Amino acid sequence: MSEGFEIEDLHGVSGRDALLRLNNASARETSLLTPERFDQLIGCARLALVVRPAAALLLAFEQSDCYDGGHFLWFRDRFDKFLYVDRVIVAEEHRRRGMGSLLYAHLLKRAVELGHSRVVCEVNLDPPNPVSDRFHAALGFAEVGRAIIEDGSKTVRYLAANLS
């Protein structure tokens, strides 16, 4: 379903305004970012992937990357080595076309190449995100913890997939 789309490394891409708008349109599931913070995250990310034209993006961090995200730090406190998926966003007009699967296939391949045996992420439990829940379960992710955040207005599930 994702024929004709190619994944590019976002590190060298300039003119990221459309991708920032894509991110901020999904702030409920991820987080609202300023242009400066968006560039900072891309610069620190071990994997920064884009499907053009602004169809989808993925940012992932290794345990040793200079990232200060609270969920990332939760995993860093518990696991020695991992690749943390911070955000995967697919533009609404490109959903249900295999973009998420395309990005995750690339991510999982790169994780193995980088010597990782575990990929981790968090998914909203409240407010619910059933599409993401089904997607991650189909890839073998299992819950390894939970957290209540944002003054009790949000609950997340921490997930991990073992690659070996």
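The values are calculated or read from the model by the stated rules, or taken from the named source; none is laboratory data. Treat the numbers as computed from the prediction; the structure is a model and nothing was measured. Cβ sites come from the backbone with ideal geometry, for glycine too, and all protein chains shown count toward neighbours. Heads up: the accessible areas ignore ligands, DNA and RNA and are worked out on the full protein's heavy atoms, side chains in. Shrake-Rupley method; radii C 1.70, N 1.55, O 1.52, S 1.80 Å.
Within the option set Ala105, Ala111, being of a type in the set (Gly, Ala, Ser) and open to solvent by less than 10 Å² (accessible area, probe 1.4 Å) holds for one residue only, Ala111. Candidates in region 10-28 are the residues that are more than 14 Å from Leu41 (Cβ to Cβ) and not in a loop (DSSP other than H, G, I, E, B); of these, the one that is most open to solvent (accessible area, probe 1.4 Å) is Arg21.
A Cβ distance below 8 Å, combined with a sequence gap of six or more or placement on separate chains, defines the contacts here; from region 143-164, residues that are free of Cβ contacts under 8 Å to residues at least 24 places away in the same chain reach residues that are in a strand (DSSP E or B) and among the aliphatic types (A, V, I, L, M) in the pairs Glu143/Leu159; Arg146/Leu125; Arg146/Val156.
Can you find a residue that is more than 25 Å from Arg157 (Cα to Cα), in contact with an Asp or Glu (Cβ under 9 Å, 6 or more places away or on another chain) and not hydrophobic (A, V, I, L, M, F, W, C) anywhere in region 25-40? The answer is yes; a qualifying residue exists. Among the residues of region 29-36, is any touching a strand residue (DSSP E or B) at 6+ places or on another chain (Cβ under 7 Å) and not basic (Lys, Arg)? The answer is yes, given that some residue of region 29-36 is touching a strand residue (DSSP E or B) at 6+ places or on another chain (Cβ under 7 Å) and not basic (Lys, Arg).
Taking the criterion of being of a type in the set (Lys, Arg) and either within 25 Å of Gly115 (Cβ to Cβ) or open to solvent by less than 10 Å² (accessible area, probe 1.4 Å) (or both), the residues of region 37-93 that qualify are Arg46, Arg76, Arg78, Lys81, Arg87.
Among the residues of region 17-34, are any out of contact with any helix residue (DSSP H, G or I) (no Cβ under 9 Å at 6 or more places or on another chain) and within 24 Å of Val112 (Cβ to Cβ)? No - not one qualifying residue is present in region 17-34. Screening region 54-164 for helices (runs of 4 or more DSSP H) wholly inside it with 3 or more residues that are at pLDDT below 95 returns the ranges 99-113, 130-138.
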